[in-house]
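What follows is a short report on a single structure.
The values are calculated or read from the model by the stated rules, or taken from the named source; none is laboratory data. Computed from a predicted structure; not experimentally measured. A quick note on method: Cβ atoms are made from the backbone with ideal geometry, for glycine too, and the neighbour counts reach across all protein chains shown. Keep in mind that these areas ignore ligands, DNA and RNA; they rest on the heavy atoms of the full protein, side chains included. Shrake-Rupley method; radii C 1.70, N 1.55, O 1.52, S 1.80 Å.
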Amino acid sequence: MNMLAQFTASGRPALRQPAPASTAPQLIPTGVRCQQQGVSGSSHVLQNRQHLPSVACRAASVERGAIRDATPSQSEDSLPTSLATASIDDTGPTYEGIITDPPARPTGLYVRVRNMVKHFNTAKGLFRAVDGVDVDIEPSSIVALLGPSGSGKTTLLRLVAGLEQPTGGSIFFDDVDATNLSVQDRQIGFVFQSYALFNHKTVAENIKFGLEVRKLNIDHDQRVADLLALVQLQGLGDRYPRQLSGGQRQRVAMARALASNPRLLLLDEPFGALDAVVRKQLRAGLREIVRSVGVTTIIVTHDQEEAFDLADKVVVFNRGLVEQQGKPTDIIKHPRTPFIMKFVGETNVVPATSLLAKRMRFATSKSMVMFRPHDIKLFRSPPPSEDSRVTVAATVMDKSNLGWTIKYTLRFDDDVECELQLTRDQDENEYNLVLGSRVFVHVNPKSMMGFNKSDIDSTPLV
């Protein structure tokens, strides 16, 4: 029995017969997966709700790798001849519902940004929003674009989405130059900060919108039911956005973005309007959904905790340039520039001529020195002579209770101050310092970094 007959026998719609190569792209269904019992219903999802983190949604059952070598049709003369992004509409009506096993190998899009430039003409002059950026985004990974306001992270996201045209540079989707592709041909799911839901449509109608616009020939109601189960909003399809909480609206926006099986998911400050507790809960849900579906994801945020919690890779922007990119732990532990060290995490800043910097024998040509509060080693009395660590005396000036963190303010004899941060357990078991008491401070000079104020300036350049 051939493959088309197997689909018909299993009670599912057969794939459309491909037209001749002269009139339509030729599809090679090498990646078709077939469930012998037909489409999984929403009841199956509800029974297995505890396994939601490991489920995946599929709106098509033909591997994109087979589409990539298709010959463009005559009706697509306006598109580049190298276009490898055949529309998902051409893959037929097959719908596999919820697949309970995550992808065995990366299935997402490989995105490469090369020498990307975007300049804007403003009343004050030329604004270099993005000024020569190279970024690689691995398939099925989550990449966070992090940086202060005006650093270029949102502009890069819009360039990848096709919402902005670049001044220079290229964007590649897999091996295809996608720089000039229209938004529709990029097969992107977008979640905006405001969610951009249609208030006059129900939740189900919002999710169906992309399916209707793309005219996907699948069971729309079943697709909506499966997506509502995936984002844990079963039974809320008949409600309107105004009847939902902020966290629920965010999940509706996520379901709508995933409805048409995008190759790339873009999120612009998706948790910005939510309180801290809800944001933390939704981050965990988003991470599991993205990993189960296997879609390549780019998220723009100014929240460091959010970026380091979610992302496989973090790209830190400043003034239209990439200051550093890599794994979250690498950026935290090994900052390459003063801006990264100042921007990522807490720092103490003291003059390079201070008693502390001199006593620690930290030599720099810069005017200031920074180090992390947790790099401070505190002693109640000077270390014994056989201890090679040198110290400088300080007075305990203040103690702040920040919940699970205790913060002490220490003042040196030259009136320079720094902060010491401890966990509550550390303070109770080891320190519990008394205001006005004298302590002795050591900071490893290898953890210090010299800088000038201009090195950490993030004011956009115009």
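Looking only at residues that are at pLDDT 85 or above and of a type in the set (S, T, N, Q) in region 246-299, which one is most open to solvent (accessible area, probe 1.4 Å)?
Result: Q248.
Of everything in region 409-462, what is touching a residue at least 60 places away in the same chain (Cβ under 8 Å), open to solvent by 70 Å² or more (accessible area, probe 1.4 Å) and among the aliphatic types (A, V, I, L, M)? Give them in sequence order.
L461, V462
So which strands (runs of 3 or more DSSP E) are wholly in region 306-368 and hold at least 2 residues that are of a type in the set (S, T, N, Q)?
Fully inside region 306-368 and qualifying: 321-326.
Give just the number: which of (1) of a type outside the set (V, I, T); (2) outside any helix (DSSP H, G or I); (3) open to solvent by less than 40 Å² (accessible area, probe 1.4 Å) does S388 not satisfy?
(3)
Conditions first: (1) buried (at least 16 other Cβ atoms within 10 Å of the Cβ); (2) free of Cβ contacts under 8 Å to residues at least 24 places away in the same chain; (3) among the aliphatic types (A, V, I, L, M). V316 passes all but one, so which condition is the exception?
Every condition holds for V316 apart from (2).
What number of residues within region 103-132 satisfy the criterion of being closer than 21 Å to D177 by Cα and without any contact (Cβ under 8 Å) to a residue 24 or more places away in the chain?
The number of residues fulfilling the criteria is 0.
Check every one of the strands (runs of 3 or more DSSP E) wholly within region 140-218 and list those with 1 or more residues that are at pLDDT below 90 and crowded, with 19+ Cβ neighbours inside 10 Å.
Of the strands (runs of 3 or more DSSP E) lying wholly inside region 140-218, those with at least 1 residues that are at pLDDT below 90 and crowded, with 19+ Cβ neighbours inside 10 Å span 188-191.
Going through region 342-392 one residue at a time, which ones are acidic (D, E) and either at positive phi or touching a residue at least 60 places away in the same chain (Cβ under 8 Å) (or both)?
E346, D375
Give me the pairs, please: first residue somewhere in region 133-147 and of a type in the set (V, I, T), second residue anywhere and in a strand (DSSP E or B) and open to solvent by 10 Å² or more (accessible area, probe 1.4 Å), beta-carbon distance under 6 Å, and either six or more positions apart or on two chains.
V133/V322; V143/K313
Examine region 346-357 for a residue that is open to solvent by less than 50 Å² (accessible area, probe 1.4 Å), hydroxyl-bearing (S, T, Y) and closer than 24 Å to A393 by Cα, and state whether such a residue exists.
Yes, the conditions are met somewhere in region 346-357.
Here are some conditions: (1) of a type outside the set (K, R); (2) over 15 Å from P351 (Cα atoms); (3) in contact with a Cys (Cβ under 9 Å, 6 or more places away or on another chain). F412 meets all but one. Which one does it not meet?
Failed condition: (2).
Does region 397-404 include one or more residues that are outside any loop (DSSP other than H, G, I, E, B) and surrounded by 13 or more Cβ atoms within 10 Å (Cβ to Cβ)?
The answer is yes; a qualifying residue exists.
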